[in-house]
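Each remark here refers to the structure printed beneath this line.
The values are calculated or read from the model by the stated rules, or taken from the named source; none is laboratory data. For clarity, every value in this text was computed on a predicted model and none was experimentally measured. All Cβ positions, glycine included, derive from the backbone under ideal geometry; neighbour counts span all protein chains shown. The area values use the complete protein model at the heavy-atom level, side chains included, leaving out ligands, DNA and RNA. Shrake-Rupley method; radii C 1.70, N 1.55, O 1.52, S 1.80 Å.
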Amino acid sequence: MAQTDPLLMIPGPTNLPPQVREALGRPGFYHRGDRMAALLERCSDGLRHLMGTSGDALILTASGTGAMEAAITSLLSPGDPVLAIEGGKFGERLREIAVAYRADVTSYVVEPGHAADPGQVRDLLSKQRFTAVVTTYNETSTGVMHPVEQIAAATREAGALMICDCVSCLGGVPVRADEWGIDAVVAGSQKCLMLPPGLAFVGAGERAWEAAERASMPNYYLDLRRARASARKGQTPWTPATALIAALGAALDIIDAEGLEAVFARHAAMAEATRAAVTAAGLELFAQEGFRSPTVTAVHSPVDSSDLVRYLRERHGVLISGGQGELKGRIFRIGHMGTVHFEQIERTVEALADGLTNLSFGCDAAAMLDAARQAATDAGAEVN
Ligand code: PLP
C-alpha cells in the first residue's frame, strides 16, 4: 500500500490485498461466456463453504442492503408476521425493509451493546405464530454478535424461517447455516471478503426455496428465484460487476491458501489484541462480555469520538469509525477484518494512544501496545 493510502480500520470497506487489486485491473471479459460460468461456479462453491450450506450461494450486484432486501422480498409475502431482532442499526434496517414491503413486523428491541436473549426469542415465538425471524449475526453498530445458533434453533422449532444478516462477519467467523438452521444467509463483499463494495451474497437452503414459491412481495432486480434460475446456467440474470466477481475469485483463493480455520483464528486474535489495548488505556468495551465481535470492537469513548476519528484520519492516515445514530460521538469502533494482521493493529493502537492523549485523555501508549502484543501472542498470532 502506498504511503498516502489510508489504513482502513473501519468495519468495512476494508483494505484490498494486492491479488484482489490485480484481479480488479485485469482486461474485461464477457459475462455470458464459459469463463464467467467457471468463475461463478468457483465463487459459489467458495461462498457455500464460508456459509456452511449445501444450498445455493447467489451473487448479486448490489451492496449488502441489496442482499437483505433480496432475501426478505423473495421469501416473504405482504402481511406475513415477522419477528425482527433489533440490537442496533442493522437490525433496524432489516425491520425497515420488512415494513417497507408490508410485512406485519413485531420488534424485539435489544439494548445497544447487549446480545439478543434466545430465551426471550423462544418466548415471543411461543406467543404468536411468525413466518420469519430476521436478525443480524454481527451487529456492526455495537460490536455485538448475537447467539444466532440458539436463535435459529428456537426459530426452527417454531416452524419459522430464519433470515440472518452476516454482512460484517462472513469469512471472519464460522457460519454453519445448514447445521444451525439458518435458511437464508446475507453477506456483502466489502468486509471480511476483502473486496470493494458492490457485490452481495445470499445463501439459501431448501426451506427458503419452498418459501420462495409462496412469496409474493414485489421485486424484480433482486428476485432470488431469477438469480437461481440464471445461476443454474452459469450466469446472472442481469449484467453483473464482472471485475468484482473476478476479484472475489482471487479473495476466495487467498482465504483457501491461509485456511479457513486460520483466518478465523487470526480474526479472533486481532480482536483480542484490540480489546486488550483499549482496556489497558482504561477504556470500557461497549459490547457485553461473551458476545464481543471478532471483526469489530466498539469502545465507550472518553472524548467526542467524532474528534478522535478526525484526528486519527488527519494525523495518522488511520481510519476508524465513530458511533451511529444515538451512539454518535459516544463510542468509537475499530474494524479488524479481512487482511488485518498485528502490524495494522499496532499502527492503529499507536495512533489511538496519540489521539486520546492529544484530546486530553492521558494514556500510556507503551502499555497499550504491550497489552495488544501479549493478547495477540496468547491467542496464537504472529506479532512480527
Ligand atoms: N448489515 C450489516 C451488519 C452491516 O455491517 C452493513 C454495512 O455496514 C450492512 C448490513 C449494509 O451493507 P451495505 O452498506 O453494503 O449496503
Nearest-ten-degree value, helix 148-157 long axis tilted from longest Cα axis of the chain
20
Unit Cα scatterers, Debye sum, segment 31-256: log10 I(q)/I(0) for q = 0.08, 0.10, 0.14, 0.18 Å⁻¹:
-0.25, -0.39, -0.78, -1.29
The extension gain from S54 to S216, computed as 0.36 nm times the residue separation minus the Cα-Cα distance, is 55.8 nm
Accessible area expressed per residue, segment 45-162, with surrounding protein chains retained (probe 1.4 Å, Å²)
34
Out of segment 150-232, which chymotrypsin sites (Phe, Trp or Tyr not before Pro) are coil in DSSP terms and have no more than 12 other C-beta atoms within 10 Å?
Y220
Sparse-neighbourhood loop hits (chymotrypsin sites (Phe, Trp or Tyr not before Pro), segment 1-97; DSSP loop; Cβ within 10 Å at most 14 others) -> F29, Y30
Who wins for biggest fluctuation among G329, G259, G46 in a Gaussian network model of the chain, springs between alpha carbons below 10 Å?
G259
Take T357 and Q19, extend 7 Å from each Cα along the Cα→Cβ direction, and tell me the distance between the two endpoints in nm.
3.9
Report, ordered by chain and residue number, the lysines lying within cross-link reach of K89, taken as a straight Cα distance under 23 Å and ignoring same-chain residues fewer than 8 apart.
K191, K328
Expected unfolding gain across Q150-S77 under the 0.36 nm per residue rule, minus the alpha-carbon gap, is 23.7 nm
Out of all DSSP beta bridges in segment 31-256, what portion is antiparallel? Express it as a percent rounded to 5.
40
For segment 219-228, Karplus couplings with θ = phi - 60° (6.51, -1.76, 1.60), whole Hz, Gly/Pro x:
6, 8, 4, 9, 6, 5, 5, 5, 4, 5
log10 of Debye I(q)/I(0), alpha-carbon scatterers only, for segment 155-238 at 0.14, 0.15, 0.20, 0.21 Å⁻¹:
-0.55, -0.63, -1.07, -1.15
Antiparallel versus total DSSP beta bridges in segment 164-209: what percent is that, nearest 5?
60
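At 10 °C and 1.306 mPa s, grab the translational diffusion coefficient of the chain from Stokes-Einstein with a Kirkwood Rh over Cα pairs, rounded to a whole number in µm² per second.
75
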